[in-house]
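Working notes, beginning with the structure itself.
The values are calculated or read from the model by the stated rules, or taken from the named source; none is laboratory data. Because the structure is a prediction, the values reported are computed rather than measured. Counting neighbours? That spans all protein chains shown, and the Cβs are built from the backbone with ideal geometry, glycine included.
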Amino acid sequence: MGVWILGLYVFVLSMMVGFELIRKVPPTLHTPLMSGANAISGITLVGALLVVGEGGGRLTVILGTAAVVFATINVVGGFLVTHRMLSMFRKQD
Amino acid sequence: MPPFVVEFAYVVSGFLFVLGLKRLSSPVTAPQGNAMAAGAMLLAVVATLLDQQIISYGTLAAGLVAGTVIGALLARLVRMTAMPQLVAVFNGFGGGASALVAAAELLREGGANPGAAEAGAAAVGILVGTVTFSGSAVAFGKLQDLLTQRPVTFPLQKLVSGLIFLALLAGAVMMILGEVGPEMLLAMGGLAFLLGILLVIPIGGADMPVVVSLLNSYSGLAASAAGFVLGNPLLILAGALVGAAGLILTQLMCRAMNRSLANVAFGAFGGGGTVAAGDDGERVVRRTGAEEVAMLLGYASRVVIVPGYGLAVAQAQHEVKKLTGLLRSRGVEVVFAIHPVAGRMPGHMNVLLAEADVSYELLLDLDDANGAMERTDVAVVVGANDVVNPEARKPDSAIAGMPIVDVDRAANVVVIKRSLSPGFAGIDNPLFYLDRTLMFFSDAREAISDLAREVKEL
């Protein structure tokens with residue numbers, strides 16, 4: 001079985017897990033959920049680190065470094081702003 | 001560090017992402033969930049950095065530091081009212097990064113034929129990631145009022161978008177056949193950039209909740225595609241989770257407007273603008289002022305406040321909180337009715353009111369709010385229009401079938417609004433002309449703070 005097919009399994013199953021997890025989210029959490037999920041999509045940072053870290057031509061390093069900066073903004077900013085939002089939600093009036 | 005340790009760290013990280021996302025779906029556990037997801041990310045990044053394949057740390061460190069500083073500053077300094085724009089910006093960076101990763105990996109392999117699967121995944125990554133990037137940039141421009149919030153359309157727009165999409169498909173096929181030089185990748189990126197602009201520019205401000213959640217989904221799918229290019233299951237997993245989450249939100253938003261995604265994407269709502277004139281009989285509105293409304297509210301037993309985008313624009317959330325407190329101390333039951341697409345992103349009103357310290361337990365969703373509308377003395381509409389428009393109940397209306405907050409079933413309705421101008425959908429609102437409706441023409445912030453003052457003097 002190829003790596004590709006395994007990847008496809010991971011993809012399909014993760015999509016299903018995502019659908020099941022999010023289905024019942026209350027509207028109050030829509031924004032934090034979106035922004036938290038958005039930060040998770042910054043996982044591409046790992047890919048960027050691998051691409052730049054393994055070295056290559058100048059173009060690869062330039063594009064890869066830009067990807068590192070972009071993804072880090074996404075990750076750091078995303079988690080922090082989600083935290084900021086969530087800490088505003090209060091039960092008591 | 002041996003490779004299997006890194007791989008194992010990725011597995012733990014993937015597990016924590018799933019758990020974190022699960023916790024993010026309940027108000028009590030959400031902060032924990034966010035921290036867990038952040039921890040998962042940190043684990044994955046540290047494990048990657050310790051990977052023995054990595055040979056050059058200098059540029060990595062510089063990139064990480066730069067990104068951290070920019071991201072942290074944005075997250076700390078941007079005002080809560082600008083949250084939709086900020087989410088769009090972060091989204092765009094994520095999508096852009098995935099496109100760059102896909103391209104950089106192909107280039108690293110130095111033009112060697114990467115194989116059909118990897119090249120195909122790279123094509124998808126570049127396409128979806130770049131569309132996310134430029135689409136988010138346009139969404140940011142609209143939300144920040146740098147671009148008009150009205151739909152921008154020009155002749156043959158759909159044809160042009162369609163042709164660009166076909167060109168991208170052809171490019172993807174060429175990539176799969178082994179054409180993966182820098183020029184090819186640049187052409188793909190350039191066309192996708194244009195496509196992203198063309199897809200978002202015809203969508204109006206009121207449809208932004210759909211756009212923002214769809215782009216959120218795209219940024220996840222782009223990360224997954226990058227994962228396929230690199231053969232990294234963690235990227236595939238995390239990206240797919242986000243892709244699914246974004247799709248669900250998108251679907252929820254569409255349902256809240258009773259419109260299909262295709263209709264939002266290509267409908268250019270409110271652009272053509274057929275203003276339903278309808279019965280032009282006696283169309284008189286009853287004007288009111290702070291004093292009268294304060295009496296009404298102060299002696300009511302149940303008040304429902306319906307916030308809309310106008311509340312965000314006027315930044316009246318703190319005044320609303322103050323008024324709520326005053327009324328509640330008089331024994332008036334005050335709740336908020338939140339329409340799913342009120343504002344410019346999913347959950348916009350909830351975040352806005354949370355910022356002003358309004359308890360989330362006072363925020364009712366559409367069903368709960370409507371269920372209790374009959375025993376409501378006063379419904380106060382603050383800066384909302386289409387989401388309370390009874391026209392939606394008529395089958396021939398432009399917003400037909402859109403679920404609305406049934407404020408016209410409350411005993412009294414007060415609409416705080418700057419003028420009689422129609423809402424985003426460009427159709428008149430019969431609610432304003434009802435006998436039980438009082439129109440309070442004013443800026444939302446001024447109106448609410450006047451009301452608070454008057455209520456205090458009762």
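Here are the numbers for the structure shown:
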| item | result |
| --- | --- |
| Where B:Gln52 falls short, out of the listed (1) out of contact with any Lys or Arg (no Cβ under 9 Å at 6 or more places or on another chain); (2) in contact (Cβ under 8 Å) with a residue 12 or more places away in the chain; (3) assigned to a helix (DSSP H, G or I) | (3) |
| The one condition in (1) buried (at least 16 other Cβ atoms within 10 Å of the Cβ); (2) of a type outside the set (Asp, Glu); (3) facing chain A (nearest Cβ under 7 Å) that B:Gln53 fails to fulfil | (1) |
| Residues of segment A:64-93 that turn out to be in contact (Cβ under 8 Å) with a residue 12 or more places away in the chain and touching an Asp or Glu at 6+ places or on another chain (Cβ under 9 Å), as a count | 2 |
| Residues (within 21 Å of B:Ala40 (Cβ to Cβ) and facing another protein chain (nearest Cβ under 7 Å)) located in segment A:8-30 | A:Val10, A:Phe11, A:Ser14, A:Met15, A:Val17, A:Gly18, A:Phe19, A:Leu21, A:Ile22, A:Val25, A:Leu29 |
| Among (1) over 28 Å from A:Gly56 (Cα atoms); (2) small (Gly, Ala, Ser); (3) facing chain A (nearest Cβ under 10 Å) - the single one B:Ala121 does not satisfy | (1) |
| Counted residues, segment B:236-265 - those being at pLDDT below 90, farther than 20 Å from B:Val405 by Cβ and hydrophobic (A, V, I, L, M, F, W, C) | 4 |
| Only listed residue being in a helix (DSSP H, G or I) and either surrounded by fewer than 18 Cβ atoms within 10 Å (Cβ to Cβ) or out of contact with any Gly (no Cβ under 8 Å at 6 or more places or on another chain) (or both), chosen from A:Phe70, A:Phe89, A:Phe79, A:Phe19 | A:Phe19 |
| Matching option when the condition is crowded, with 16+ Cβ neighbours inside 10 Å, free of Cβ contacts under 8 Å to residues at least 40 places away in the same chain and not charged (D, E, K, R), among B:Leu363, B:Leu353, B:Leu431 | B:Leu363 |
| Residue list for segment A:55-67, filter: within 7 Å of chain B (Cβ to nearest Cβ), of a type outside the set (A, V, I, L, M) and in a helix (DSSP H, G or I) | A:Thr60, A:Gly64, A:Thr65 |
| Lone qualifier among B:Leu64, B:Leu86, B:Leu60, B:Leu100 - being touching a residue at least 24 places away in the same chain (Cβ under 8 Å) and either among the acidic types (Asp, Glu) or within 7 Å of chain A (Cβ to nearest Cβ) (or both) | B:Leu100 |
| Residue satisfying all of: in segment B:151-186; away from chain A (no Cβ under 14 Å) and among the charged types (D, E, K, R); farthest from the chain's Cα centre (by Cα) among these | B:Glu179 |
| Test: B:Val313 is assigned to a helix (DSSP H, G or I), in the same structural domain as B:Val405 (by TED's automatic domain parsing) and closer than 20 Å to B:Ile416 by Cα | yes |
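Rundown of residues vs (1) in the same structural domain as B:Ala102 (by TED's automatic domain parsing); (2) surrounded by 19 or more Cβ atoms within 10 Å (Cβ to Cβ); (3) more than 25 Å from B:Ser213 (Cβ to Cβ), yes/no style:
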{"position": "B:Leu127", "(1), (2), (3)": "yes, yes, no"}
{"position": "B:Phe133", "(1), (2), (3)": "yes, yes, no"}
{"position": "B:Thr148", "(1), (2), (3)": "yes, no, no"}
{"position": "B:Phe154", "(1), (2), (3)": "yes, no, yes"}
{"position": "B:Phe165", "(1), (2), (3)": "yes, no, no"}
{"position": "B:Leu168", "(1), (2), (3)": "yes, yes, no"}
{"position": "B:Leu177", "(1), (2), (3)": "yes, no, yes"}
{"position": "B:Glu183", "(1), (2), (3)": "yes, no, yes"}
